[in-house]
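Values quoted throughout were computed directly from the atomic coordinates according to the rules given, and no laboratory measurement underlies them. Remember, predicted model here, so these are calculated numbers, not experimental data. Neighbour counts run over all protein chains shown; Cβ positions are idealised from the backbone, glycine included.
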Amino acid sequence: MSFMQIKDLNVHYPIRGGFFNTVVDHVYAVDGVSMEFEKGKTYGLVGESGSGKSTTGKAIIGLEKITSGQIIYEGQNVTNQRRKRNSAYNRDIQMIFQDSTSAMNPRKRIQEILAEPIRNFMKVSPQEEKRRIIELLEIVGMSEEALLKYPHEFSGGQKQRLGIARAVACNPKMIIADEPVSALDLSVQAQVLNFMKDIQNEFGLSYLFISHDLGVVRHMCDHISIMYKGRFVESGTREEIYANPQHVYTNRLLSAIPNIEPETRDERKIKRRAVEAAYKADSHKYFDEKGKVYPLKDLSQTHKVAMMGAERGGM
Amino acid sequence: MKSKNDILNIKNLHTSFRIKDHYYHAVEDISLTLKENEVLAIVGESGCGKSTLATSIVGLHPPGNTKVTGEILYKGKNLVEFKEDELNKIRGNDIGFIFQDPLAALNPLMKIGEQIAETLKYHTKLDENKRKERVLELLDQVGIVNPARVANQFPHQLSGGMRQRVVIAIAIACKPKIMVADEPTTALDVTIQAQILDLLNDLQEETDAGIVLITHDLGVVAEVADRVAVMYAGQIVELATVTELFRNPLHPYTRSLLNSIPQADSNNERLEVIQGMVPTLTKMPRKGCRFAPRVPWIDETKHEENPALHEISKDHFVRCTCWKDFHFEHQEGGLQHELHAN
Ligand SMILES: Nc1ncnc2c1ncn2[C@@H]1O[C@H](COP(=O)(O)OP(=O)(O)OP(=O)(O)O)[C@@H](O)[C@H]1O
Ligand code: SF4
Ligand SMILES: [Mg+2]
């Protein structure tokens, strides 16, 4: 059973113009997105730059104003509730970014940075607080030495771990991770990914993992949604997406991922060209006259695709 | 593979930067050859000296605080000793270059067509009309659908992928013998990346140019390279053909890089990583091997005094001997070990 549902989420930004600076149009950054989250699972959100991945994440956590749609958390409607401090929703859903320390005050020491969420959400004595901070550093594999340092004194991988430490401070149910390893070198990326899996297993966390890297997403995620122009073109389990992709856009993304098998690269190039040709030739099957993605239709209980006549037993 | 001629010979190249009162080697004793019609990939993590190598080849390092020694032989001449005006004649003509950020490479105030024509004006004898023709031809060649319109636009009016195509058009304008591409697709989406890499490949078939491709992405290497040099802390640790490197990687650093890539067909929950990290320039061991701190279980006596590349099999070079003793199982101690190392 899912503990959280996103229903028909929309985030539209007005474009102003003209003499009176009136609203002349809208950018449909997120244009009707629905999702459900279960405990202990990782949900991937992939797409190219500008597809609306980050806006979706930020809208869920309340950093973007939702134009319409609903977020239901444990049966409660929490849409646009972020402004209420201290709510359970605020405590239970946390976010980490590509550069975690950009969200940290550069003039504060790690000790104070980690204390903030604890003070906001837990009523504990100063001793308790200190104990929890040290415990957090332990969880992310860092020593007490870090307490008196400032954010800029850490390497990229360490910064991401500190971001995670702060996010897990108050035992959240879900972490929204927006490109958490994109700025990291391969080996550091591997350490952070390993670590994210470890704390997930330990605490039963769920992740919404936002990334443009389909290799990383495949490694991390149980369920994957592919986003294009603010909408999902396809959504399914990892197996459904990677072994049986249905939408031409999904196929196009998958065939563009570099593969570390030099022996078969010529075959891949041929496949890539075929997919590219199909993308041009059959686009009417996948996008309406305005170039908009069709509504999602169920292919199986978990697999959904946005194309003409995709329903089970459909045309 | 048909035998190809060498077009660039790098011998014992050292490039160092001054930080306070000391010069530190960012590139240390690199020797490499580039053949015509081949893609030589240089791969390694951030700070290992890839870009420094690229800028050394095209002579673009910041003057004053940089020291370059060794040889970069092109047509029998040592580019390291070239003066700025001699380099200007070669850059853009014999050697084309493409960098990660196309916006930085283009003049924001100049129309695309004019920017390409400028290179032609400097390096060729074409008259104005012929230059205009050639500009449209080049834009078409790099896959721009409406050359006449794009020639009249400014860089900010184009998408990232199109800008990189324009930079490539400038780079190939004079049919260079050598192309140096530093992370040409890192800033682009995967679908655009695939198109740009295919484009470089197609162009190479026409021009026979040798390409030095610098990247941190082993996937990109596997897709386009013929040979690969793996760099660690300013040095080459392994050099092999692309199939050999992926089938039979030997140096622990190469193996560690390959093992930290999330893989399609492996159900491995954990990615294997080598402990520690690349030291910064000022913290680099100044004596002995720069890799030794990453393999602490290897007996002191086993390190070579002047670790050199050894030819293990034909065309496969590996630095020194630590690859013989390396196993990932050493790390199976797990998370704590690995985390505290950082
Ligand atoms: N102008 C400079 N002055 C001083 N140090 C420099 C200078 N340019 C580069 N360095 C240092 O030289 C080393 C090699 O840098 P380089 O930019 O060549 O690495 P890279 O492999 O291209 O890394 P990346 O993958 O991040 O682009 C680094 O330690 C870097 O900090
Ligand atoms: S065995 Fe050689 S290459 Fe390996 S760490 Fe020691 S000196 Fe360096
Ligand atoms: Mg670089």
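Taking amide H positions as placed 1.01 Å from N in the peptide plane, with prolines and chain starts having none, which residues 5 or more places from B:HIS310, or on another chain, fall under 5 Å of its amide H?
Answer set, sorted by chain and number: B:VAL318, B:ARG319, B:CYS320.
What is the stretch B:85-153 by shape, rounded, prolate or oblate, if you read a ≥ b ≥ c off the alpha carbon gyration tensor as root eigenvalues and call it rounded for a/c under 1.5, prolate for a/b larger than b/c, and oblate otherwise?
Here the stretch B:85-153 falls in the oblate category.
Gap in Å between the Cα centre of the stretch B:172-207 and the Cα centre of the stretch A:109-169?
45 Å
Given the -39500 (n - 2.57) contribution per DSSP H run of 4+ residues, what per-residue ellipticity at 222 nm results for chain A, rounded to the nearest 500 deg cm²/dmol?
-10500 deg cm²/dmol
Only sites in a loop by DSSP and with at most 12 other Cβ atoms within 10 Å count here; which GluC sites (Glu not before Pro) in the stretch A:267-300 make the cut?
Taking the stretch A:267-300 and a limit of 12 other Cβ atoms within 10 Å, the loop GluC sites (Glu not before Pro) found are A:GLU289.
What nm value, rounded to one decimal, do you get for the distance between A:ALA274 and B:ARG149 when each label is placed 7 Å out toward the C-beta?
3.2 nm
As a test of the formula, what do you get for chain B when each DSSP H run with n ≥ 4 contributes -39,500 (n - 2.57) and the sum is divided by the residue count, at 222 nm and rounded to the nearest 500 deg cm²/dmol?
Value at 222 nm, helices only: -9000 deg cm²/dmol.
From the cross-link list B:LYS77/B:LYS111; A:LYS65/A:LYS280; B:LYS175/B:LYS314; A:LYS65/A:LYS123; A:LYS53/A:LYS290, which pairs have alpha carbons spaced over 25 Å apart?
In this structure, B:LYS77/B:LYS111; A:LYS65/A:LYS280; B:LYS175/B:LYS314; A:LYS65/A:LYS123 lie more than 25 Å apart at Cα.
Nearest 0.05, what FRET efficiency do B:LEU87 and B:LYS111 give at R0 = 41 Å with Cβ-Cβ as r?
E between B:LEU87 and B:LYS111, to the nearest 0.05, is 0.95.
Using a 10 Å cut-off on Cβ atoms, rank the peptides A:26-37, A:101-112, B:227-238 from the highest mean neighbour count down.
Put in order of decreasing packing, that is B:227-238, A:26-37, A:101-112.
Using the Karplus curve 6.51 cos²θ - 1.76 cosθ + 1.60 with θ = phi - 60°, work out ³J(HN,Hα) for each residue of the stretch B:272-287 in order, rounded to whole Hz, and write x for Gly and Pro.
Values per residue, Gly and Pro as x: 7, 9, 8, 6, x, 8, 5, x, 6, 3, 6, 9, 5, x, 8, 10 Hz.
Rank these for me by crowding, B:ARG255, A:ARG166, going from fewest to most other beta carbons within 10 Å.
In increasing order of surrounding Cβ atoms, one gets B:ARG255, A:ARG166.
Quick check: net charge around B:ILE7, other residues with Cβ under 10 Å of its Cβ, Lys/Arg +1 and Asp/Glu -1?
Every neighbour counted, the sum reads -1.
Could you please rank B:CYS320, B:CYS48, placing first whichever residue has the fewest other Cβ atoms within 10 Å of its Cβ?
Ascending Cβ contact count within 10 Å gives the list B:CYS320, B:CYS48.
Round to the nearest 0.05 the FRET efficiency obtained for B:ASN12 and B:THR33 when R0 = 22 Å and r is the Cβ-Cβ distance.
In this case the efficiency is close to 0.95.
If you add up the charges near B:ASN65, with Lys and Arg at +1 and Asp and Glu at -1, over every other residue whose beta carbon is less than 14 angstrom from its beta carbon, what do you get?
Overall, the nearby charge balance is +2.
Between the stretch A:213-265 and the stretch B:52-69, what is the separation of their alpha carbon centroids in Å?
When both Cα centres are located, 41 Å separates them.
Taking loop as defined by DSSP and a crowding limit of 14 other beta carbons within 10 Å, which trypsin sites (Lys or Arg not before Pro) in the stretch B:1-77 fit?
In loop regions of the stretch B:1-77 (DSSP not H, G, I, E or B), the sparsely surrounded trypsin sites (Lys or Arg not before Pro) are B:LYS2, B:LYS4, B:LYS20, B:LYS75.
Add +1 for every Lys or Arg and -1 for every Asp or Glu among the other residues with Cβ under 11 Å from the Cβ of B:LEU239, and state the total.
Charge balance in the 11 Å sphere: -2.
Decide, for the protein assembly as shown, between rounded, prolate and oblate: order the square roots of the alpha carbon gyration tensor eigenvalues as a ≥ b ≥ c, take rounded if a/c falls under 1.5, and otherwise choose prolate if a/b is larger than b/c, else oblate.
Here the protein assembly as shown falls in the oblate category.
Explain nothing, just compute: Karplus ³J(HN,Hα) = 6.51 cos²θ - 1.76 cosθ + 1.60, θ = phi - 60°, for every residue of the stretch B:189-195 in order, whole Hz, x for Gly and Pro.
5, 4, 5, 5, 4, 4, 5
Indicate the gyration tensor shape class of chain B (rounded, prolate or oblate), computed on the Cα atoms with a ≥ b ≥ c the square roots of the eigenvalues: a/c under 1.5 is rounded; otherwise a/b larger than b/c is prolate and the rest oblate.
Prolate, because a/c is 1.5 or more and a/b exceeds b/c.
How far apart, in nanometres, would the label points at A:GLU289 and A:ASN105 be if each is projected 7 angstrom from Cα along the Cα-to-Cβ direction?
5.7 nm
Can you give the mean number of other chain Cβ atoms that lie within 10 Å of the Cβ atoms in peptide B:237-244?
Taking the mean over all residues of the peptide, I get 1.
Which ordering of B:ASP21, B:ASP182, B:ASP140, B:ASP6 is given by a fewest-first count of other beta-carbon atoms within 10 Å?
The order, fewest Cβ neighbours first, is B:ASP21, B:ASP6, B:ASP140, B:ASP182.
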